[in-house]
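Below is one structure, written out as structure tokens, with a few remarks after it.
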Amino acid sequence: MNHLILSDTHLSDKFDEKKFNYLKKLIEATDRVILNGDFWDGYLTSFEDFVKSEWRELFPLLRAKKAVYLFGNHDLPSFSDARVKLFSAMQGMVHHLKVDGKRLKIEHGHRFFFNGYPRLFALARMREKMIEYMMSAFGKDYINFAAWNEKMKSWVAKGLGQREILVCGHTHFPEFNLKEKFINLGFIDKGYSSYLKIQGKEMKLVEERY
């Protein structure tokens, strides 16, 4: 069985057709999907507006793949309601998956450190515009938060079993480091994409533009 594990898509009530078509293609090409947090962005929109937006066209595709939805810091459980079942078959904070004798511990990553800010829509939208401008000018290196990955790895060293691997998101900095039992999925936004693709016993962190 093939799995697609992605995080930090940060969908809102604002629709992006190019991003929609890209996500649709990814979802349709796999057997199962795991949404590892910040699928939608509760700092940019309300859950009510999100589920009524054009992004809802992804929901039946995700349901057909029996999607697992893990909450992140931008889509905390308190931000949504039972309608998360419109796009996911399972919900939670942590999910485990066995791959080639190893146990993947999949969670968003915000419990290790929460770089949060007050849930004020106007300020969040201003922040989003600033990030969009900086990325258009300087590329994805603008959000090179490699140091945050190191904070997560410090937990991995003492918090995981011998054959366990942490698969997280949150920092937006993709990394595939089996030696240190650490995989960061990165993000999918503003033309940049990274995600984990699992085909049978093989795992690959894909980084591409869309």
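The values are calculated or read from the model by the stated rules, or taken from the named source; none is laboratory data. This is a predicted model, so every value here is computed, not measured. Note: ideal-geometry Cβ built from the backbone for every residue, glycine included; neighbour counts use all protein chains shown.
If only residues of segment 181-210 that are of a type in the set (Val, Ile, Thr) and buried (at least 18 other Cβ atoms within 10 Å of the Cβ) are counted, the one that is nearest to LYS24 (Cα to Cα) is ILE188. Just one of the listed residues (LEU70, LEU35, LEU58) is crowded, with 22+ Cβ neighbours inside 10 Å, under 21 Å from ASN2 (Cβ atoms) and in contact with a helix residue (DSSP H, G or I) (Cβ under 9 Å, 6 or more places away or on another chain), namely LEU35. The residues in segment 22-48 that are under 16 Å from PRO60 (Cβ atoms) and of a type in the set (S, T, N, Q) can be counted, and the count is 1. Checked against (1) within 15 Å of the chain's Cα centre (by Cα); (2) within 20 Å of HIS170 (Cα to Cα), LEU44 meets all criteria but (1). The set of residues in segment 46-63 that are within 14 Å of ASP16 (Cβ to Cβ) and either among the acidic types (Asp, Glu) or modelled with pLDDT under 95 (or both) comprises GLU54, GLU57.
Where residues in segment 73-97 are touching an Asp or Glu at 6+ places or on another chain (Cβ under 8 Å) and more than 20 Å from LYS197 (Cβ to Cβ), which of them is surrounded by the most Cβ atoms within 10 Å (Cβ to Cβ)? Restricting to residues being touching an Asp or Glu at 6+ places or on another chain (Cβ under 8 Å) and more than 20 Å from LYS197 (Cβ to Cβ), the top hit is ASP75.
Table: residues versus (1) out of contact with any Gly (no Cβ under 8 Å at 6 or more places or on another chain); (2) hydroxyl-bearing (Ser, Thr, Tyr); (3) on the phi > 0 side of the Ramachandran plot; (4) in contact (Cβ under 8 Å) with a residue 60 or more places away in the chain.
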{"residue": "ASN36", "(1), (2), (3), (4)": "no, no, no, yes"}
{"residue": "GLY42", "(1), (2), (3), (4)": "yes, no, no, yes"}
{"residue": "THR45", "(1), (2), (3), (4)": "yes, yes, no, yes"}
{"residue": "GLU54", "(1), (2), (3), (4)": "yes, no, no, no"}
{"residue": "PRO77", "(1), (2), (3), (4)": "yes, no, no, no"}
{"residue": "SER88", "(1), (2), (3), (4)": "yes, yes, no, no"}
{"residue": "LYS102", "(1), (2), (3), (4)": "yes, no, no, yes"}
{"residue": "HIS108", "(1), (2), (3), (4)": "no, no, no, yes"}
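Only strands (runs of 3 or more DSSP E) wholly contained in segment 33-112 count here; list those with 3 or more residues that are of a type outside the set (Gly, Ala, Ser). So the answer is 68-70, 94-99, 102-107.
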